[in-house]
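Worksheet for the structure shown next.
The values are calculated or read from the model by the stated rules, or taken from the named source; none is laboratory data. Quick caveat, the model's predicted, so the values are computed rather than measured. So basically every Cβ, Gly included, is an ideal-geometry build from the backbone, and we count neighbours across all protein chains shown.
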Amino acid sequence: MSNDSIAAQIGQAWRYQREGKTDAAIAEFDRILRQDADNVDAHYGMGLAQRAAGKYETAIKHFERALALVEAGTAARHQGHVGEILVANTPEDDRLMMLNRMIKQRLAETNNAMKPRA
């Protein structure tokens, strides 16, 4: 499957998500992940959609997979560097830094949503 086709599918999945069509978004993200199991955008979107559906454990699994992919991508781009990259030298560095922070934030929010309230 071409990157253009997957990009179009991701766009459709995000439209479903914005329109509150959570089940359709989940189905579309699932189709993407069956074609490209390492698609960070699809894992992130699936995490959001699963969280919206109240499926917190599944959401966390997708957020964790997205974070692992981002960290692997960052490590591949900056071999020998230890720790989080704090300076974006390229648009891809900037994207990876942004995704890293967003995913960590969504993980924290989802974990907090699972905690029993007093």
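So which pairs qualify, if the first residue must be in segment 40-66 and more than 14 Å from LYS104 (Cα to Cα), the second must be at pLDDT below 95 and of a type outside the set (Val, Ile, Thr), the Cβ gap must be under 7 Å, and the two must be at least 6 apart or on different chains?
Sorted first by the residue in segment 40-66, then by its partner, the pairs are TYR56/ALA113; TYR56/MET114.
Taking segment 85-101 as the search range and keeping residues that are in a helix (DSSP H, G or I) and surrounded by fewer than 13 Cβ atoms within 10 Å (Cβ to Cβ), which one is modelled with the highest pLDDT?
To start, the set of residues in segment 85-101 that are in a helix (DSSP H, G or I) comprises 91-101.
In the following step, the residues that additionally are surrounded by fewer than 13 Cβ atoms within 10 Å (Cβ to Cβ) were identified as 91-92, 98, 101.
Numbers: PRO91: 87, GLU92: 85, MET98: 92, ARG101: 95.
Filtering first and then ranking leaves ARG101.
Against the condition modelled with pLDDT of 95 or more and more than 22 Å from ARG95 (Cβ to Cβ), how does GLU64 come out, does it pass? It would help to see each step written out before you state the result.
Working: modelled with pLDDT of 95 or more: yes; more than 22 Å from ARG95 (Cβ to Cβ): no.
No; evaluated as a whole, the condition is false for this residue.
Filter the helices (runs of 4 or more DSSP H) completely within segment 1-60 down to those with at least 3 residues that are surrounded by fewer than 13 Cβ atoms within 10 Å (Cβ to Cβ) and out of contact with any helix residue (DSSP H, G or I) (no Cβ under 7 Å at 6 or more places or on another chain).
Details: elements: 3-18, 22-35, 40-52.
The helices (runs of 4 or more DSSP H) meeting that bar are 3-18.
Looking at segment 90-108, which of its residues are touching a residue at least 12 places away in the same chain (Cβ under 8 Å), of a type in the set (D, E, K, R) and closer than 19 Å to LEU48 by Cα?
Within segment 90-108, LYS104, ARG106 meet the criteria.
Inside segment 61-72, can you point out the residues that are surrounded by 23 or more Cβ atoms within 10 Å (Cβ to Cβ) and either outside any helix (DSSP H, G or I) or of a type in the set (Asp, Glu) (or both)? Walk me through how you get there before you give the answer.
Of all residues in segment 61-72, those surrounded by 23 or more Cβ atoms within 10 Å (Cβ to Cβ) come to 62-63, 66, 70.
Across segment 61-72, there are no qualifying residues.
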